[in-house]
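In what follows, a structure is listed as structure tokens, so that the remarks can point back to it.
The values are calculated or read from the model by the stated rules, or taken from the named source; none is laboratory data. Everything numeric here is computed off the predicted structure, so don't read it as measured data. Positions of Cβ are backbone-derived with ideal geometry, glycine not excepted, and every protein chain shown enters the neighbour counts. Surface accessibility is based on the protein's heavy atoms, side chains included, excluding ligands, DNA and RNA. Shrake-Rupley method; radii C 1.70, N 1.55, O 1.52, S 1.80 Å.
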Amino acid sequence: LVPIYSVSFLNFTEEIKEIVASDSAVFVRKYRLEFHHTQSNLPKVYEGQVEYWLAPDQRGEWSIYRWIDNGLAKSSSWSFLKAALGE
């Protein structure tokens with residue numbers, strides 16, 4: 001599925017929103033993901049807008065508890081790729 005020497009790239013291209021408090025945080029970003037794989041039926045470039053909602057977990061470490069992802073224009077989203085690969 002992914003060649004051993006494959007290199008993929010994730011770039012957050014634009015900051016849309018950032019809210020940080022002592023017990024939670026929300027980050028909204030546009031992104032461009034290049035994921036080099038061997039699946040001929042899947043695109044290799046994904047563009048979208050993602051929201052990460054974070055809060056401290058039981059160990060006090062920040063964890064993503066909500067992920068919202070939408071593709072931009074005619075591009076598939078990162079979530080589409082995750083679903084297609086069964087992740």
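Quick notes on this one:
- Per residue value of the accessible surface for the chain (all protein chains in place, 1.4 Å probe), Å²: 70 Å²
- For T13, neighbours were defined as the other residues whose beta-carbon sits under 13 Å from its Cβ, and their charges (Lys and Arg +1, Asp and Glu -1) total -1.
- The stretch 25-41 - phi-based ³J(HN,Hα) in whole Hz, Karplus 6.51/-1.76/1.60, Gly and Pro as x: 7, 10, 10, 10, 9, 8, 9, 9, 10, 9, 10, 8, 9, 10, 7, 6, 8
- Hydrodynamic radius of the chain per Kirkwood, over alpha carbon pairs, in Å: 14.3 Å
- Rel. contact order, % - alpha carbon contacts under 8 angstrom, at least six apart, the stretch 32-75: 35 percent
- Relative to one another, the C-alpha centroids of the stretch 39-59 and the stretch 1-32 are positioned 7 Å apart.
- Sulfur and carbon atoms: percent of accessible area, the chain [1.4 Å]: 51 percent
- The length gained by stretching the chain between H37 and I16 to full extension, at 0.36 nm per residue less their Cα-Cα distance, is 4.6 nm.
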